[in-house]
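See below for the structure under consideration.
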Amino acid sequence: MVDLKRQYEKIRPEVDEAVLEVIRSTKYINGPEVQAFREELENYLGVKHVVPCGNGTDALQVAMMALDLKPGDEVITTSFTFVATVEVIALLGLTPVLVDVDPDTFNMDPEAFRKAITPKTKAVVPVHLFGQSVNMDPVLDIAREHGLYIIEDNAQAIGSDYIFPDRSKQKTGTIGHIGCTSFFPSKNLGCYGDGGALFTNDDELAKKLRVIVNHGMETRYYHDSVGVNSRLDSIQAAILRIKLRHLDEYAAARRKAADYYDAAFKDHPGLITPERSRFSTHVFHQYTLKTMGIDRFALQEYLKGKEVPAMVYYPVPMHMQKAYDDPRYKEGDFPVTEELSRQVISLPMHTELDDEQLAYITENVLSFFKEKA
Ligand SMILES: *Cc1c(COP(=O)(O)O)cnc(C)c1O
């Protein structure tokens, strides 16, 4: 699905030198590389504060801790997401309230969000799934109207722009109160291990986030709040500094691959290509097709036989997961999410796809329909 090896080969001398330099410096934790990366990411995103942390799941947890959410508080998010979003809500004793998504963008349906609000609702977590922004303007309005915090799960969309109705742009993850991201290796800005970060424009919140990721401690060994230990290490920061300089070029390479796929599958009766929404640029964390009238697991098996990987993100929505079994929800509650879970399949999507590979992948997808459908 990704080709991290070929990507590494292109930046290898720089990366190797930077990693060795950190090792020689012995400044492994919170060293100058972490501070430099933090500043460079702030500049890239146009956000006041970046707080690096251990991974994207921690980022979501720390965000909810900083907002002083209490057990019983309701947090609204979508059922069609990666589990981390819902996991941290449950872990903190908060109540996840799930809503359906838009069938074309796979992202939160703002009207469904509005309808799910109760007097207990404290926050909403829009997930910018697969590389494009949630329709944030209505989400901002609704959240403002009801006094709710917005925590953006930007793990899949770093570098993407939300386009406001007046056509002005803002980077996803910097629009709500707090944005969260992941530097997991396969993410659009991935390091060579685990990593994550929080973003905010609010000085007070930034201070709280920095204290929470560091054991709730501002002055060493004095703990004013319960915190966690969640750090981005200096080696990962050194790698991320190099990769951040390539992020826009990486997004362009992903878009080029998506264009190729789009052209090959356009007007195919069994495939619907991913919509590019008018209120977002797309950084194609995933290239996800909707299939019609076929068993996409049979397509996945067929492609596997041709050595083409394909994945289903996500086969089981959160409200139908054993761990999040909840008497409030049953099968049928989120029809769009459930239908997408039955339809979607994602093709290889990364920065190193060349025309020969894309031709091979698309020919095999199309031949499945000729042979099997
Ligand atoms: C990857 C991901 C996360 C979690 O990031 P980790 O760094 O793996 O903990 C959270 N939300 C979404 C939508 C993700 O894709």
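The values are calculated or read from the model by the stated rules, or taken from the named source; none is laboratory data. A quick note: this is a predicted structure, and the numbers were derived from the prediction, not measured. Cβ: placed from backbone, ideal geometry, glycine included. Neighbour counts: every protein chain shown. Quick note on the areas: whole protein, heavy atoms, side chains included, nothing else; ligands and nucleic acids left out. Shrake-Rupley method; radii C 1.70, N 1.55, O 1.52, S 1.80 Å.
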Placing +1 on each Lys and Arg Cβ and -1 on each Asp and Glu Cβ in region 230-289, then taking the dipole about the Cα centre, the residue among His285, Ala263, Ala238 whose Cα reaches farthest towards the positive end is Ala238
Sorted by chain and then number, the residues having a modelled amide H within less than 5 Å of the amide H of Glu218, at least 5 places away or on another chain, are Asp224
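Would you mind working out the magnitude of the charge dipole of the chain relative to its Cα centre, with +1 at each Lys and Arg C-beta and -1 at each Asp and Glu C-beta, to the nearest 20 Debye? Let's see the in-between values first.
Working: 42 positive and 55 negative charges, 71 e Å.
Its charge dipole is roughly 340 debye.
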Between region 180-244 and region 1-38, how far is it from one alpha carbon centroid to the other, in angstrom?
17 Å
Identify, among Pro165, Leu247, Tyr302, the residue whose Cα sits farthest towards the positive end of the charge dipole of the chain, taking +1 on the Cβ of Lys and Arg and -1 on the Cβ of Asp and Glu, with the dipole about the Cα centre.
Leu247
Pairs Lys27/Lys48; Lys122/Lys208; Lys5/Lys171; Lys48/Lys169; Lys304/Lys372; Lys10/Lys266: which are spaced more than 22 Å apart, C-alpha to C-alpha?
Lys27/Lys48; Lys5/Lys171; Lys10/Lys266
Sorted by chain and then number, the residues having a modelled amide H within less than 5 Å of the amide H of Leu271, at least 5 places away or on another chain, are Met292
Rg from C-alpha atoms of region 247-372, normalised by the globular rule of thumb 2.2 N^0.38 Å, equals 1.15
Residue-wise HN-Hα coupling along region 56-72, computed from phi with Karplus coefficients 6.51, -1.76, 1.60 (Hz; x: Gly, Pro)
x, 5, 4, 4, 5, 5, 5, 4, 5, 5, 5, 8, 6, 6, 10, x, x
Quickly rank 169-176, 65-72, 91-98, 131-138 as a protection proxy: mean count of other C-beta atoms within 10 Å, highest first.
131-138, 169-176, 91-98, 65-72
Calculate I(q)/I(0) for the chain by the Debye formula, one identical point scatterer on each C-alpha and no solvent, and give its log10 at q = 0.06, 0.08, 0.09, 0.10 Å⁻¹ to two decimals.
-0.23, -0.41, -0.52, -0.64
Quick one: net charge around Thr78, please, counting Lys, Arg +1 and Asp, Glu -1 for every other residue with C-beta under 12 Å from its C-beta.
-4
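Considering only DSSP beta bridges where both residues belong to the chain, give the percentage that are antiparallel (nearest 5).
Working: 26 of 41 bridges.
Percent antiparallel among DSSP bridges in the chain is about 65.
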About the Cα centre, charge dipole magnitude for region 129-264 (Lys/Arg +1, Asp/Glu -1 at Cβ), debye:
540 debye
Residue by residue, what Karplus-based ³J(HN,Hα) values in Hz, rounded to whole numbers, does region 78-91 have, using 6.51, -1.76 and 1.60 with θ = phi - 60° and x for Gly and Pro?
9, 7, 9, 7, 6, 4, 3, 4, 7, 4, 5, 4, 5, 4
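Extension gain Glu356-Lys372, at 0.36 nm per residue separation less the Cα-Cα distance, in nm? Kindly include the intermediate steps, with their values, before the conclusion.
Numbers: separation 16, 0.36 × 16 = 5.76 nm, distance 2.40 nm.
The span from Glu356 to Lys372 would gain 3.4 nm if fully extended.
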If I build a Gaussian network model for the chain, linking alpha-carbon pairs within less than 10 angstrom, which residue out of Ile76, Ile151, Ile272 has the largest mean-square fluctuation?
Ile272
Using Cα pairs closer than 8 Å and at least 6 residues apart in sequence, work out the relative contact order for the chain, in percent.
21 percent
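Quick one: ranking Glu40, Glu249 by accessible area, 1.4 Å probe, largest first, what do you get? Could you put the intermediate results ahead of the total?
Numbers: Glu40 55, Glu249 105 Å².
Listed by decreasing accessible area, they come as Glu249, Glu40.
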Per residue of region 97-106, what does 6.51 cos²θ - 1.76 cosθ + 1.60 with θ = phi - 60° give for ³J(HN,Hα)? Whole Hz please, x for Gly and Pro, Karplus curve as stated.
10, 9, 9, 7, 10, 7, x, 8, 9, 6
So the pair-distance distribution of region 236-292, from every Cα-Cα distance in 5 Å bins, comes to percents of 4, 17, 22, 20, 15, 9, 7, 5, 2, 0
Here is the link list: Lys115/Lys256; Lys187/Lys330; Lys115/Lys290; Lys207/Lys322. Which ones come out longer than 29 Å on Cα distance?
Lys115/Lys256; Lys187/Lys330; Lys207/Lys322
Neighbours of Val312 by Cβ distance under 15 Å: Lys/Arg at +1, Asp/Glu at -1, summed charge 0
If I take every Cα pair under 8 Å that is 6 or more residues apart in region 1-122, average their sequence separation and divide by the length, what percent do I get for the relative contact order?
18 percent
What dipole magnitude, in Debye to the nearest 20, does region 247-372 give about its Cα centre under +1 on Lys/Arg Cβ and -1 on Asp/Glu Cβ?
280 debye
Residues of region 285-315 with amide N under 20 Å of the 7 Å Cα→Cβ point at Glu9:
307-309
Spelling it out for Thr121: with amide H atoms placed in the peptide plane at 1.01 Å from N, the residues 5 or more places away or on another chain with amide H under 5 Å from its amide H are Glu74
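Which FRET efficiency value, to the nearest 0.05, do you get for Ile23 and Met1 by plugging their Cβ-Cβ distance into 1/(1 + (r/R0)^6) with R0 = 35 Å?
Numbers: r = 30 Å, r/R0 = 0.87.
With a Förster radius of 35 Å, E is 0.70.
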